[in-house]
Each structure stands twice: as structure tokens, then as C-alpha cells.
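Here's the structure, in C-alpha cells; my notes come after.
Since every read-out is calculated from the coordinates, none of them should be taken as a lab result. All figures in this text were calculated on a predicted structure; none of them were measured in a lab. As a convention, Cβ positions derive from the backbone with ideal geometry for all residues, glycine included, and neighbour counts pool all protein chains shown.
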Amino acid sequence: MTVLTLAGLCDLVVDCKNRTPPEATPGEEIAGFAIGTPNIIDGRIRLSDAKPVNGETFATWTARAVPKVGDIVLTREAPVGRVGRVEDGMRLCLGQRTMLLRPNEQRSDSRFLHYFLLSPAVQELLHSQASGSTVAHLRVAQVRDLRIPLVPDVVEQRRIGSVLGALDDKIAVNERIATTALELCSAKFRLLRGSADEEVTVGDLAELKYGKSLPAARRIAGEIPVFGSGGISGSHDEPLVKGPGIIVGRKGTVGSVYWSEVDFFPIDTTFYVECKNGRASLEYLYFALRSLGLEHMNSDSAVPGLNRDRAQSQLLRIPATDAMRNFTTEVRDLFRLQRTREEENRALATLRNTLLPQLMSGRLRVKDAEKIVEDAT
């Protein structure tokens, strides 16, 4: 065991260009994706919402280093300390407020370093070093010279990285299954809508009802998801609406559409959907509302908002009763599959986060952790 600086575990510690890379214009060939702090979530790099860039931009923004598999991306501002690992197939460049770490293979295992930086002890170190009167940030030198806790030799690092990585691998598989289930549902909806002859308004089928104010100070810890226009924004002990249900962003993230399989609480920046009759199921309405482009229907330029009357006047095509029933049954099964995988992922993430500090501190032997992970996966 030895004490090192963070730079001592790496071959490269590279800052971003500190300018926002321009997005590729429509029709340009996409050379890669620029990632910033919003694209690093729960220890993972998410490219789904990342900005595409053209070849010239990619070359300019990777002049210091082209990220490769196993590299670590660390955010040093807004917020400090998010960590993601470059995975196979990712072609990316650094957006603002990020840094690239390339582990030295003789001193540091890539997966271990990823989890090491996510561990409570190192996260506390990163945040304690951050400064700034308005926005906390880390300087490049602070990251390079960060004095880190004791680390085991690289062989033991690989064992720790492997056991925790097995949980993340299972989470990634479940995410792909859940995503595929949703894509299949969307494809079924498009086929059904294309064959439908009858056209009605949203208001003929459902009512967009206003959510209710629920400030954070009034929320009581519980299992009920609280939905704002940006998605789940917390939890509460009592629902406003029985699930399953649909939430539509009214103020803020205008026109966003979310599905809740369980009872939920939509706050006053949202609408929730109440069916008027049995002509369209909630499942069909969910995909139909997503297809309407509600996000482009801002009614107020100063404070963007979705006008309820305008939304309810939008035209929809609906299929015959039997086709609607068959679609709903098929989608319900796929939604159940999606929810099962999401619930399993929450349990796996909780287990990973429980094992992480114990393995890093040496309180839990790798051999014991391997047995626990084997039973869980």
C-alpha cells in the first residue's frame, strides 16, 4: 500500500478546452459527441442527450487527448465530482468543466479508479478542495495534486473493480432491455396509428388536470414519486393520483411527457391525464401525447407554458376498439418488463453503493463481496 497523488495513478490528467464545442449542423457528418456535466449521471456517461459534433470540432476539442476506452471523465465544476468511465463504442470529446484521466496500467486499474473516485472518502476530498464564492470548482492543479487515501496494489484493484463492475454490467443489460421494450412499444404505436381512420381531439378522449403545489419543505419522506415538469423531483408519503398515469410538463420543461406505473404526486408545474371514456387507453394516450410535439407549444414567451386548451385541441387518430384493446395488452406486458428491470437496477445500485465504501476501506474482503454479487446477479 502506498500514498499517492491522483496524478500518480494516471498517465494523463487533461483539462477540457474550456469553451463550448459547437453542435454539428443538420446534414453534417457526426464525428462524435461532446459531453459535459449533465451527461454524467450516477457514475455513468450518458450519450443519449449529448451534443453531436462534426469532424473539425472533434479534432479541435481532442487535440490534447482523444478519449479511449477505460479513461475516466471527472467534472470539476457545476457540480464538482461527477465521474464517468469511457466505455466501448463511445466516441466523445470533453465539454466545459470536465477533465480526462487516463489510468496508468501498472499502478491503477481503470474500473477501480472509477469506483475509487466515486467513493465517499474521495468525494469528500474533492468537495473539500473546491472553492469559489458563487460556484464551487476545482482547479486543474488541485485535481492533479490531490492527496488520495491508501490504495491496494493493482492486482487487488482489478479484483475490486471486477466485483463492482459485475453489478454495473448487469445494470447496463437491464437498461438495454428496458430501452428496447420502450422502443418496441413506440413501434407498435406508430403502426397502429398509421392504420387508424378516426380522428378526434385530445379533449375528446381525456382531460389535462392541474397538478398541486407541494414545496420540498412540505414533503414527508415516503415511496411516492413526486413529478415536476423535468421528471421525478423527489418523493412524498401520499399520492395525489392513482397509478398508472401520465404526467405532462406545463411550466419549465414544457410539453415533457412521463409515465408513472405507480401512484404519484404531480406538482403544479404539470398536468396529469384523466381518461374521459374507454375509447383510448392511458397507454395509447401516452405515446400519442409524445408524438404531438407539445414541447413546441409554448404559450408565453416570458415564462414558457403549455396552454391546456391548445393541447386538448390537438388532433389524434385512434384505432378501432379491438385494435386498441390488443395494443394496450401488449404494451402493458412490455411496461411490466420495463418496470421489473428498473426495480432490479435500483436494488443492484443500492448494493453497489453499499459495497463500494466497504471494499475501498478494506472492511469487506473481495472474496466475500464476490459471493454477495454472485448471489445478486
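With each label modelled as a point 7 angstrom along the Cα→C-beta vector, the Arg317-Lys276 pair spans 2.1 nm. By DSSP, the beta bridges lying fully in segment 7-151 are antiparallel in about 85 percent of cases. Summarising the overall dimensions of segment 239-377 from its C-alpha atoms, the Rg and Dmax are 21.0, 62 angstrom. Beyond 21 Å in Cα-Cα separation lie the following of the pairs Lys51/Lys170; Lys188/Lys242; Lys212/Lys251: Lys51/Lys170; Lys188/Lys242.
All alpha carbon pair distances within segment 39-161 were sorted into 10 Å bins beginning at 0; the resulting P(r) in whole percents reads 12, 43, 34, 10, 0. What the pair-distance distribution of the chain shows, using all Cα-Cα distances binned every 10 Å from zero, is 5, 19, 25, 26, 17, 7, 1, 0 percent. Alpha-carbon geometry of segment 197-318: the Rg and the Dmax are 14.1, 49 Å, given in that order. Charges were assigned to the Cβ only: +1 to each Lys and Arg, -1 to each Asp and Glu. The resulting dipole of segment 29-70 about its Cα centre is roughly 160 debye. Sorted into 5 angstrom bins from 0, the C-alpha pair distances of segment 302-347 split as 5, 15, 12, 11, 12, 15, 17, 11, 2, 0 percent.
Residues of segment 320-345 with an amide N closer than 19 Å to a point placed 7 Å from the Cα of Asp197 along the Cα-to-Cβ direction: 320-327. Here each label is just a point 7 Å from Cα along the line to Cβ, and for Ala221 and Asp169 those points are 3.5 nm apart. As a proxy for reagent exposure, Glu283, Glu198 were ordered by neighbouring Cβ count within 10 angstrom, fewest first; the result is Glu198, Glu283. Placing unit charges on the Cβ atoms only, positive for Lys and Arg and negative for Asp and Glu, gives the chain a dipole magnitude near 700 debye about its Cα centre.
Toward the positive end of the charge dipole of segment 7-151, with +1 on the Cβ of Lys and Arg and -1 on the Cβ of Asp and Glu, the farthest Cα among Val140, Phe58, Ile72 is that of Val140. Applying 0.36 nm per residue to the separation of Val140 and Glu105 and subtracting their alpha-carbon distance, the gain on full extension is 10.4 nm. Under the simplified labelling scheme, the Arg332-Thr5 pair shows an inter-label distance of 6.3 nm, with each label point 7 Å from Cα along Cα→Cβ. Helical runs (DSSP H, four residues minimum) scored at -39500 (n - 2.57) apiece and divided by the length of the chain put the mean residue ellipticity at 222 nm at -12500 deg cm²/dmol.
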